[in-house]
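The structure under discussion appears below in the form of structure tokens.
The values are calculated or read from the model by the stated rules, or taken from the named source; none is laboratory data. No experiment lies behind these values; they were computed from the predicted model shown. Cβ sites come from the backbone with ideal geometry, for glycine too, and all protein chains shown count toward neighbours. In case anyone asks, the SASA skips ligands and DNA or RNA and just uses the protein heavy atoms, side chains included. Shrake-Rupley method; radii C 1.70, N 1.55, O 1.52, S 1.80 Å.
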Amino acid sequence: MFESLKPVAIDPILGLMIAFKADTRSEKIDLGVGVYQDDRGRTPVMEAVKIAEARLMDLEMTKSYQGMAGDPDYNQRILGLLFGDQHSILSSGRVKSIQAPGGSGALRVGAEVICRARPESRLWVGVPTWPNHIPLLGSAGFEIKEYPYYDMASQKINGQAMMDALRSVPAGDMVLLHGCCHNPTGADLSHEQWDQIADLALERGFIPLIDTAYQGLGDGLDEDGYGMRMMAERLPELVIASSCSKNFGLYRERTGSITFIAETPEQADIVVSQAMSTARSIYSMPPAHGALLVSMVLGDDQLRAHWQAELEATRLRLKSMRSLLCDSIQNNEAGMDFSHIKEQKGMFSFLGITAMQLERLREEFGIYIVSSTRINLAGVNSNNIDYLSQSMLTVLKS
Ligand code: LMR
């Protein structure tokens with residue numbers, strides 16, 4: 001049977017991660033996969049998570065099954081994190097969230113439920129988007145359609161073209177939006193643009209599917225929730241896939257959530273029963289460990305404050321690496337403008353250099369960047385900035 005199969009190329013982002021690990025040069029720099037690194041190039045477990053982990057060792061009394069929705073306490077606390085504890089949606093009965101295996105698992109469960117509800121649904125994705133959105137969501141059954149999002153030439157959101165395209169999205173279709181820290185561009189919607197998209201969703205009848213994987217890494221926990229909080233207030237239906245990979249540093253623990261807002265509490269109950277049956281038919285139940293840690297951190301005032309301070313330090317480091325890199329390469333012989341790097345949010349920005357320059361950075365200098373020229377700013381640090389900027393300035397001359 002297997003002789004009919006052809007090998008499949010590894011996902012480019014994860015392939016780059018493997019290639020970086022295999023590179024033996026000590027000066028190599030990883031600007032590829034979206035994983036946070038501190039100023040020493042490490043990806044440590046957050047302290048608040050470590051403390052929770054130590055407590056959990058003592059407190060955990062069973063490893064028995066928890067059920068398809070995961071940990072109810074975690075589910076409740078994630079709602080508070082997404083919307084803020086005082087949001088009116090929380091007492092409406094119209095919102096329900098279940099735990100999922102990471103942001104990817106959440107997106108997939110959400111997509112499956114939407115396709116069960118409306119098999120003819122199409123999903124509109126901004127160009128560009130996280131490349132894995134396409135196979136991950138497309139294989140749930142969506143026909144994928146595109147709307148323009150970013151203009152590479154000006155390194156800005158193409159607001160006019162985006163709104164024009166969204167104006168033609170028919171009722172019942174889904175529109176994928178990035179909650180904050182857009183991956184791969186780093187260019188986030190302004191509040192005004194969020195408001196305009198909500199107006200269009202009401203007018204046209206399309207439904208936003210928000211992917212929020214970086215809450216707290218852009219402008220702050222509450223600020224980064226603007227779009228989904230406003231939409232939760234205004235729209236009858238909304239789907240949000242969220243992840244604790246980045247803001248809790250729980251990458252490999254696969255800790256995420258899928259949240260549904262329905263028109264009535266009765267519908268919300270039905271939707272969540274569908275999500276649970278979807279989960280049962282794919283992986284049965286989500287892994288427990290990461291969610292137990294998140295719920296412990298969010299449920300303890302001191303630990304929560306500790307985590308928030310760490311998250312804020314992470315956010316500020318990313319911001320300062322943006323300035324540092326921009327200032328060190330802005331004056332280049334090619335006359336390229338990198339000022340967008342300073343203005344954008346979260347982990348990523350595009351460099352906008354050529355494929356040849358990208359290749360030279362990797363081959364000659366051991367600097368790993370995905371082929372779209374997306375860089376992860378967390379890979380920049382005070383020890384490698386001179387080497388990094390000199391290497392970039394060298395290839396920019398060519
Ligand atoms: C990324 O975009 O680099 C991360 O979200 C990791 C991944 O799975 O692609």
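Here are a few things to note about the model shown:
- The set of residues from the range 104-120 being within 16 Å of the ligand (Cβ to nearest atom) and open to solvent by 10 Å² or more (accessible area, probe 1.4 Å) comprises Ser104, Gly105, Arg108.
- Per-region count, the range 363-398, residues more than 16 Å from the ligand (Cβ to nearest atom), in contact with a Lys or Arg (Cβ under 9 Å, 6 or more places away or on another chain) and assigned to a helix (DSSP H, G or I): 4
- Residue match in the range 332-350 (condition: assigned to a helix (DSSP H, G or I), closer than 24 Å to Cys181 by Cα and among the hydroxyl-bearing types (Ser, Thr, Tyr)): yes
- Restricting the range 216-236 to residues that are more than 28 Å from Thr373 (Cα to Cα) and open to solvent by less than 10 Å² (accessible area, probe 1.4 Å), the residue that is nearest to the ligand (Cβ to nearest atom): Met228
- Sole residue being open to solvent by less than 40 Å² (accessible area, probe 1.4 Å), in contact with a strand residue (DSSP E or B) (Cβ under 6 Å, 6 or more places away or on another chain), closer than 19 Å to Glu310 by Cα and assigned by TED's automatic domain parsing to the domain that holds Ala213, chosen from Ile89, Ile78: Ile78
- Ala213 passes every criterion in (1) within 16 Å of the ligand (Cβ to nearest atom); (2) open to solvent by 10 Å² or more (accessible area, probe 1.4 Å); (3) over 13 Å from Leu82 (Cβ atoms) apart from (3).
- The range 121-138 - residue that is within 12 Å of the ligand (Cβ to nearest atom) and touching a residue at least 60 places away in the same chain (Cβ under 8 Å) and, of those, surrounded by the fewest Cβ atoms within 10 Å (Cβ to Cβ): Asn132
- Verdict on Ile353 being of a type in the set (A, V, I, L, M, F, W, C), assigned to a loop (DSSP other than H, G, I, E, B), in contact (Cβ under 8 Å) with a residue 40 or more places away in the chain and touching a helix residue (DSSP H, G or I) at 6+ places or on another chain (Cβ under 9 Å): yes
- Whenever a residue of the range 157-186 is assigned by TED's automatic domain parsing to the domain that holds Gly34 and on the phi < 0 side of the Ramachandran plot, it has no partner that is open to solvent by 10 Å² or more (accessible area, probe 1.4 Å) and within 16 Å of the ligand (Cβ to nearest atom) lying with C-beta atoms less than 9 angstrom away and at least six residues away or across chains.
- Filter result (more than 15 Å from the ligand (Cβ to nearest atom), of a type in the set (Asp, Glu) and within 28 Å of Gly290 (Cα to Cα)) within the range 1-51: Asp38, Asp39, Glu47
- In summary, strands (runs of 3 or more DSSP E) completely within the range 140-251 and bearing 3 or more residues that are out of contact with any helix residue (DSSP H, G or I) (no Cβ under 6 Å at 6 or more places or on another chain) occur at 143-148, 174-178, 207-212.
- Remark: pairs (first residue in the range 307-336, farther than 18 Å from Leu250 by Cβ; second residue among the basic types (Lys, Arg) and part of a loop (DSSP other than H, G, I, E, B); Cβ separation under 6 Å; 6+ apart in sequence or on different chains) are absent.
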